[in-house]
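Participant: Please find one structure pasted underneath; my questions will follow.
What follows is calculated from the coordinates using simple rules that are stated; it is not laboratory data. Not measured: the values here are computed from a predicted model. As a convention, Cβ positions derive from the backbone with ideal geometry for all residues, glycine included, and neighbour counts pool all protein chains shown.
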Amino acid sequence: MLPAFRPSLALLTAALLLSTPTLAFDTPLSDTAVREAYFLGQRHDDSLGKLLDKYVLHLQPPKTGPYIESVSFFTPYILTALNSSQQVSIYSAQQAQLDHLKTPEVVRVTIQIFLTESYSAYSAVVEGSDSHLPKGIFVRPPDFSASQPGTAGACS
């Protein structure tokens, strides 16, 4: 091979290798991509699970308080593969294509928030707190705020 062609070939190879991971972000999905996603979902082995692991980021929990356990980012390709894997009746690549055409292409982002052991599901208002608040133990609001009954949603 001539030395003048080597840099061009290297650039072309690099461009092809870098563009492969971005195929999962193509929209709208081509018929071929829908078909590949269908077959990926129909394998019923760990190949779909391994691919899903690349789309989910797991974070380490802090010592106290609420924390983000994971963030997932599912593209139309992954959602099509998941839909295919969840079909229990007779499901074909043609049906997957029809289903794909009927639904809009969306990206699904899921954030899971958990509590550490130190973050109680209950909160207490004790003696010495604001005198207008009722005293006792209350279920903590679902938005993780420290507000108490009677504070009209105010956070401390």
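Participant: Assuming R0 = 25 Å, can you tell me the calculated FRET efficiency for the pair L101 and K50, based on Cβ-Cβ distance, to the nearest 0.05?
Facilitator: Values: r = 28 Å, r/R0 = 1.12.
My answer for the efficiency is 0.35.
Participant: Could you tell me which trypsin sites (Lys or Arg not before Pro) in the range 45-107 are loop residues by DSSP with no more than 14 other beta carbons within 10 angstrom of their beta carbon?
Facilitator: Working: sites: K50, K54, K63, K102; in loops: K54, K63.
Listed in order of number, the matching sites are K54, K63.
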